[in-house]
Structures are given as C-alpha cells and as structure tokens.
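Here, each number is a calculation from the coordinates, and none is a lab measurement. Here the structure is a predicted model, which means the values were calculated and not measured. Here Cβ is always computed from backbone atoms with ideal geometry, including for glycine, and neighbour counts include all displayed protein chains.
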Amino acid sequence: MNRDVPAAKLAARPDATSEPRLNEFSLVVATVNGSGSQTSNMAIMRALFRMGIPVSGKNLFPSNIQGLPTWFTIRASARSRLARHAQAEVLVGMNPETFLEDVANVPPGGVCFYADHFAQGLDRTDITYYPMPVQELVRQANPPKELREYIANMVYVGVVAQLLGIELEAVRQALMTHFRGKAKAVESNMSMVEAAAQWAHDHLQKRDPFRADRAAMTEDKILVDGNTAAALGAIYGGVSFAAWYPITPASSLAEALQEYLPELRRDSQTGKATYAVVQAEDEMAALGMAVGAGWMGARAMTSTSGPGISLMAEFAGLAFFAEVPVVIWDVQRLGPSTGLPTRTSQGDLLFVRFMGHGDTKHVILLPGSPTECFEFGWRAFDIAERLQGPVFVLSDLDIGMNLWMTDPFRYPETPMDRGKVLTAADLDRLGSFGRYADVDGDGIPYRTLPGTEHPLAAYLARGSGHDEQANYTERPEAWERNMLRLWRKTETARQYVPEAIVDRADGADIGLIYFGSVDLPLQEARQVLAEDGTATSSLRLRAIPFGDEVGDFIRAHAEIYVVEMNTDGQLRQLLQIEFPVEAARLRSLRKNDGLPLTASWIADGVRRKERG
Amino acid sequence: MTVVTEGASTRAATNRIGLEKGDYRGRPTTLCQGCGHNSISSQIIAAAYEVDLAPERVVKFSGIGCSSKSPAYFLNRSHGFNSLHGRMPAIATGALVANRSLLGIGVSGDGDTASIGLGQFIHFLRRNVPMVYIVENNGVYGLTKGQFSATADKGQVIKRQGENPFLPVDVCQIGLDMNCGFIARSFAGDPRQVKELLKAALSFRGTALLDIISPCVTFNNRDESTKSYNWGKEHEAPLHDVTLVPRREEIHVEYGEGEATLVELHDGTQLMLRKIGRDYDPTDRRAALHLLEESRAQQVLATGLLFVNPNQPSLQEMLGQVDRPLAALRAEDLRPDRASLERVVAEFV
C-alpha cells in the first residue's frame, strides 16, 4: 500500500459535475522503451476491443532501443472517434523522468495511476490519483529475475482493468493473441494481472467517471497494423520477388512478408517457395533488384521510408524511363534527412511524385487505413503491370506501425492484370515487335519477357535514349516522340488508379481535401464541426494522378481546405499545379510535428480560418 | 573449332542447335577501333556459338560505361538490360532470381565495378548469383574522356589528371575474399584464352568472375601502364593452357599424369588446365592468394583460372525457390485461396 501519499490526496475528488464516461476516454501509458510495456499496452487495447468497444492505439516511441520515454495512447470511443487525443484523461504514469510533465497533461476531472514510489507530481486536487504498489506486488509474485521488469508492467494492466472495468477474461484473450497461444507466457503475465487486480479490488475505491463496459461494436472489425496489411495484400496480389533494407518504420512490412509467405505461398507439390525475399545491402540495391525482377516478369516490390526513398531516386527514374513494373512502399516518417525516424509525417509526396531527374512523374497510391493497405497491396501490382512502370504506395508510420480497428480484408475480386505482354505465339502472329511503339494510342507499349522463345522477342532495356525498337538513338525527334508517349501514358494512368472518396454534406460550402492517415482526425473533426452547425464535405485522395472528381469537388465548394501533415503544404502544391485557375482558393491546414493530427486541431483550424 | 570459310560454301556453318555464328552477333560497335572490349565481344559470340547456347536462354546485363555499352554488340537475340552506373549487380540479382532458367552474362568495367559499384559487386559475389561477370578492365574512364578508375596503377600517368597516388583495387582478390567460386584473369590480347575461359564460365553454376585486362587505346595505352597492350603482351604469364571439353565430346585429348588438371563443372563439361612451366592448383584458395601477391610483387600478369570451387550453393538454391521461374508463375500459383485469407484475418482480434 502506498506510504508516501498523504491521505488527503487520496481523498481528492474530481470535479463533482463530471458526467459518467462510459466507453469514452483516452488513456496514456507513460513508460520507458525497452521495458516490455508494449505487451501490457497491447493487452489493454486488445481487451477493450474484445469487449466490443471501438478502440485505437498510438505508440509515440523514441528512436532508441532501451531507456527513453515512450507514450502509448489508447482511445476508447463508443462514438468511434478514434483519432489521437491530445490529453491523457486517464494517465498511467510509470516513468519518473516524465511524470511531472505527464501529470500536467491530465485534464481536470482526469485520472492518474502511478507507481507508488513516485514522490512528486501528486499535488493536483482536480484529478483522481490511484497509487500502484508495483515493486511490492512484483516482489510478492517473485517472477524470474530476467522477467521482472516485463512482469512489473502487468501490474498496471491489472489495476487499470479493475478500476475501469476491463474484463480479466478479455485481458487473458488479448494475451493469448499477443503470445500466439503460448500458454506459459500467458499464464506468467496473467497471474501478475490477476494479483494486481485483486490488490486494487481490496485497496482502492473507484472515484472517477471513466468506465469500460461490454458493447457490441467491434464484431465486424479487425485490429491490425498497416504494414502487416500491406504485406498480406502483396501476398494476395502474387508478389513473387521482394527486396528490402531495414529501416524504421518500414521494416515490419518486409518482416511480415517473411512471416506469412512461408505459410501461404509454398508450391503444393514440392513445398518450395513461390517467391523470393532478399535483404539487400542498401535501398539502392533493394529497388535495383526489384526492377530487375519486375523486368523479368515477376511481381516485384520493395518497401522503405524517407532516407531509403532518397537512395532509390536513380532507380526510380530508370524504372519510369525503361518502363519496368515495380511496386515501392514508402512508409513515411518525419524528415528531412534522418529527421525523427519514429514519428509520422506525409512529407514525401512531392519528392516521390517527381522522383528522378528529367521529366519524371510517378503514380502514387495513398491508403487511408490498414484495410486499404491490404487492397492497394494487391492492386498496386495490377496497376504497375498495366502501366509498365513504378507504382509508389505512400503509407505512414501511424498507419504502418500502429494497430488500427479497421474493416476486414476483402479477397481480391478481380483477376490479376498482367498487362500488355507478348508471347512467342503473339510474335508469330504479329511478325514484328517494337518494345516502345505506341500500338494502342494510350502510351502503353507492349513488352516481351526475357526467355521468350522467339527470334523477334529480344530487346535491350536501357536508361539511355531509345527509339521504338529500344535501340540507342540521339535523334531529337526520337527523344521527343518517346517523351510525349510517356506523357500520354501518365495521362492514361488516371483511369487505372483508385478514385477519391467523396462525402458531400448537404449545403456545405466548405470542402476538405486530404489523404492517408489524416482520415481519422478529419472525419472526427467534421462531426465536431457539424455539432457546431458547420457542415463540411470531404474528399480523400487515394491516388495521384487525380481523377475528374477532384476538380469537380474543388469547383463545387466555395472554401477548400487542404489538410496534411507536412510543413510545405505539398498536396496543396500538387493541386495548385493541376488546377491553376483554382490555385488561390486552396487554403492550407498543415501541421508537421511528428504526431498524428487531432480532430480538435483540424476543427479549430477550420473555425479560425472561417472567422478570417 | 568451326570457322566460316570464305568461298568454301554458300551456306554458313551451323552449330549443334542449327544456328549460324551470325545468329549470335549484335549491332555494330560504336567503341574505338582497337578497343579491347570489341575483342571480348567477339569472343563472347564465338564462345556462345561453340557451346551451342540458345540465345533466347541468355540474358545480358551491364552498368554504365564503355564496357557496359557492349551488350548491344553481341547476342542480338538475347534480352538485355543496360542499367545504371555501378548497379548491374542489383538488376542482375533480381532478374536471375526471378528467372533461374536463364543464363546471365554481365559486362562491366573497372569504374563500374571497382569504383561506383564496389559495394554491389561485393554483395553479388557474396550471394553467389549465377552469372558470368566480366570486368573489362582498363584502369580508366573512357566515356568521360580519361580519368583514373579504382583499378588504375599507382604512379600511372594520364593526360589531364597527372599521376595516380593510390594503389589499385584488385577485383580478383576481392573475388577470393568473397568466396567467389570461379575467378579468372585474362588479357584481351589473348583471344583464345579469353574464349576458353568464357566457355568454362558459361558452364559454371554460381558467379564466374572474369577480370579481363582490356586496354583503352585512346586514354590508357602507354607502355608502362599494366592495362596497355604492350605491357600485357610482355608480362602475360599464363598459368596453364585452358581447354573446355564439352560433355558431349569424348575426352580424347592426351595428357600425361600430373601434366593437366581436370575440373568437372555442373553440366558435366570438363575444364582441362594443361600445365605451362609451373605447378598451380586452382582449387587451392591459399595458392590463389599467394599467386596474386607474387604476381603483384613481380609485376607479372598471371592469367588463367586462378581459383575454382564448383561446390557452393547458388543464391536461388539458398532461397529455396521453386524450380520453375518465379516470373512464369501464374495467378493460381501466386494468389492463395479465399479460405486462407479468412484464417489469417481471424487472428486480428
């Protein structure tokens, strides 16, 4: 039992006017990284999900292996308002280094659980404190020394579960998921959870309004991170070659490929792999290998983040110009340079769109959730092979590494599109072949795959100037012909990429344009604004180049806000290039501090600008 | 050897798969007259013809530079990829993993391999990607009009840059360090040896590294340069007389006990290394290291097969991939069934 806190503090009561908060709160666990708290945080989050309560989790972690502050934010919301919440209505303070700051971030009426050996920060009278005798309970449980620190984090799971009403059975199921059914690991953690819950039951009295209660709002949802979803999407899209280099926050995408491929993609007769995954020596090599494999006819991909994208620029230009299908996932982090590797951003948009010297324009897909990471995971290969060129998929750290409550993945309903590939029989029939000839007028040429047994099949792919036969040429007219065809192809691309998602509100003058992980806070902000009587429409871009719906949306709204997570307003710049007549009307709402946006920041921004 | 003899017949001779030598040609070269690279291209054509390679089963690779232009000048009926400066290894790795049924021939230069591409080169060797990796080594950048590359001799002088103060990179030594299973050095002025080594390399399963000294007649052909014709001619010391004996031919070449070494390659062909003057065992890695040191100290261009070890798994074998080309897999091989997705998704709770 806590010996340091005066009884008066324990008796402090929250604001008497506070309403009961059933299934509607934000919970922040402040701890140090490398202490195993992730297991505990996942247990709380999954347990809430298992209880049928909509939930989200954002891990704000340092670029470090062990010992620096980490905050894990869980939001439970019966109204499915799951964007990051800036305040810790329920704080679990486990890190003495940050405790004063953490306590200051608790709003009046909030709750603070804390390890009872903390001596400072316990003097607020407008919040409820609950001490947790972490050291004492761990001593009593007496776990093996090497597990002590990990088990200690289970103390807060038990205490918080007891006070908030999280079912212990749901915690057990959550641990089963986390430890993949390893009973021993589940039991050693669960016994600590139970002991802590029992202690809380015996010693703490509930004095706060926050409560979790079983609901039925998650049955048709799943909990998954975008990198796992992307890897699975790629697998169901038939990825046959992947090369990668370790980088935060993209590593877990390639690691998920390596985890799931052996189970899902064995040859039924021989048991051998119908894929190859190569860890390259750097990102240049990673994309280079993928380009080589894509040229050969494999479904080839790589995955990386900012610094890797920078290294890939030369190969991206080659793939664009030599017209090689390849899929590149960029799980964006905060830059420039090394930047903040464990923080999220949407700062690669402009660079990736024009990545490469000369006139280069890339197709970009913009998933807004793990479900879309799955869908674009397979669709990207179809688009790349159809258009014969690189397709970038820009996810970000928030989507990629955090668990999202999201719709289950839908099995691909369309057959694979392998694009315009000529076989030996085709060549017999046609009697001639020009690799870069625009036969169909859509800018997309026909290709042959190496190994095609026909004397007409071969060509020498090259990044140097070439004519329709792929032969080197420096003739000005041949160069222009080729570049104009590539331009036609980038126009053709519009019809093959996913359309924007438009949600028009009746009578709305305000239109919000955005993409990616901004979806959660933006849709929540629209609800908040609607409650104030401000109707807004939204358009979520899912690809570049833009389709017709984007211009229609801009013209249909008197006020357009482009909401994004970068410093330069990159999406707005792209829209201004595309819609020069409307350029001055495109207002920017942008923030780039490494954290996922909050609904209140967006709503306030709109209100502020509307007031002028 | 089959030769097209003038006037003897209106019909050109054909090899065992019915192709004429002309079927292995490329487009006309645009390299300088007398460039060693052109001689190497000719030997690639001759070797491919003589070992009856189906050109459609070959895939060519290169980076950027004079040497890297040359895949346009041989095997017109083979697909090829003239890629980025120093990045041939990456392109070739991905392509050959994606289609293990094809035979790779890569042509690079000393700038491409030992300067800008040294990292990729090393990792390519380390992974044992099955490909004939030819370094057309002249110690100088030609297309940019004469700058030192990383294989330039210390003390070498060229017009614009003066004297080179740095020791050269020895690509064969790097090959040994990376456990490359086939390391040969030759000289473009010795076309017969080049051709026989090429034929052997084409039968090797794994990376076969050929460092071919290929003089640049325009920028680095001064007599004192170890990459010049005259130096090569005067200092070449072949380790053995190399002959490739295809599997289809009975070994009727006579050799006395202890006079020749026979190395059997994966497809059953045999490489006969007939001794010339010295006792050299190319299966002994330490002997190869010693030889490189010795020839450097004595300023000798030791040519021939420096090292061979056919018993290392290739990258595709290490990856455990199916025998069929990954690139040829169809949708039913590539997309797991609907039920499997339901199983996977059921875990996301």
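Across region A:483-511, the residues whose backbone nitrogen lies under 14 Å from the label position 7 Å along the beta-carbon direction of A:E610 are A:505-511. The shape of region A:421-495 can be summarised by an equivalent ellipsoid whose semi-axes, obtained from the alpha carbon gyration tensor, come to 22, 16, 10 Å from longest to shortest.
Taking amide H as placed 1.01 Å from N in the peptide plane, the amide H of A:R343 sits under 5 Å from that of A:L334, each at least 5 places away or on another chain.
Rounded to the nearest 0.05, the FRET efficiency derived from the C-beta distance between A:E19 and A:D407 at R0 = 45 Å is 0.90. Taking amide H as placed 1.01 Å from N in the peptide plane, B:A152 has its amide H under 5 Å from the amide H of B:V169, each at least 5 places away in sequence or on another chain. Average 1/r across all pairs of distinct alpha carbons in chain B, invert it, and you get the Kirkwood radius: 21.1 Å. In order along region A:511-524, the phi-based Karplus estimate (6.51 cos²θ - 1.76 cosθ + 1.60, θ = phi - 60°) of 3J(HN,Hα) comes to x, 10, 10, 6, 8, x, 6, 5, 3, 4, x, 5, 5, 5 Hz; Gly and Pro are listed as x.
Per residue of peptide A:450-457, the mean number of Cβ atoms on other chains within 10 Å of the residue Cβ is 6. Normalised by 2.2 N^0.38 Å, with N the number of residues, the alpha-carbon radius of gyration of region A:453-612 equals 1.40. With a cut-off of 14 Å between beta carbons, the residues surrounding B:T30 carry a summed charge of +2, where Lys and Arg count +1 and Asp and Glu -1. Efficiency by 1/(1 + (r/R0)^6): what FRET value for B:L143 and B:Q312, r their Cβ-Cβ distance, R0 = 45 Å, to the nearest 0.05? So, using R0 = 45 Å, E works out to roughly 0.80. Within region B:21-332, DSSP assigns beta bridges of which about 40% are antiparallel (rounded to the nearest 5). Working note: Karplus 6.51/-1.76/1.60 with θ = phi - 60° gives region B:65-75 the couplings x, 4, 4, 6, 6, 5, x, 6, 9, 8, 6 Hz, where Gly and Pro are set to x.
Counting only Cβ charges, +1 for Lys and Arg and -1 for Asp and Glu, the dipole size of region A:224-406 around its Cα centre is about 180 debye. A simple spin-label model places pseudo-atoms 7 Å from Cα toward Cβ; at A:E499 and A:A216 they are separated by 3.4 nm. A straight chain from B:D323 to B:C32 at 0.36 nm per residue would run longer than the Cα-Cα distance by 100.5 nm.
The mean of 1/r over all pairs of different alpha-carbon atoms in the protein assembly as shown, once inverted, gives a Kirkwood hydrodynamic radius of 31.2 Å.
Taking Cβ atoms as reference points and 15 Å as the exclusive limit, the residues near A:F315 contribute a net charge of -4, counting Lys and Arg as +1 and Asp and Glu as -1. Could you check the simple spin-label distance between A:E263 and A:E531, using points 7 Å along Cα→Cβ, in nm with one decimal? Rounded to a tenth, the inter-label distance reads 4.0 nm. Between A:D126 and B:A13, the simple spin-label model (points 7 angstrom out along Cα→Cβ) gives 9.9 nm. The angle between the Cα long axis of helix A:251-264 and the longest principal axis of the Cα atoms of chain A comes to about 80 degrees, rounded to the nearest 10. Give the order of B:S203, A:S303, A:S80, B:S68 when sorted by the count of other beta carbons within 10 angstrom, beginning with the fewest. Ranked by crowding around the Cβ, least crowded first: A:S80, B:S203, B:S68, A:S303.
Enclosing the Cα atoms of region A:24-71 in their convex hull gives a volume equal to 60 cubic angstrom per residue. Note on A:I577 and A:D282: the extension gain reaches 102.8 nm, defined as 0.36 nm multiplied by sequence separation minus the Cα-Cα distance.
Seen from A:D398, the other residues with C-beta closer than 12 Å to its C-beta sum to a net charge of +1, counting Lys and Arg as +1 and Asp and Glu as -1. Annotation: amide H-H contacts under 5 Å for A:R542 (H modelled 1.01 Å from N, sequence separation of 5 or more, or interchain): A:A500, A:I501. With the alpha-carbon atoms of region A:224-406 aligned to their principal axes, the span from lowest to highest coordinate is 48, 39, 28 Å, starting with the largest. Taking θ as phi - 60° and the Karplus parameters 6.51, -1.76 and 1.60, the scalar couplings of region B:162-170 work out to x, 9, 7, x, 9, 6, x, 7, 9 Hz in sequence order, x denoting glycine and proline.
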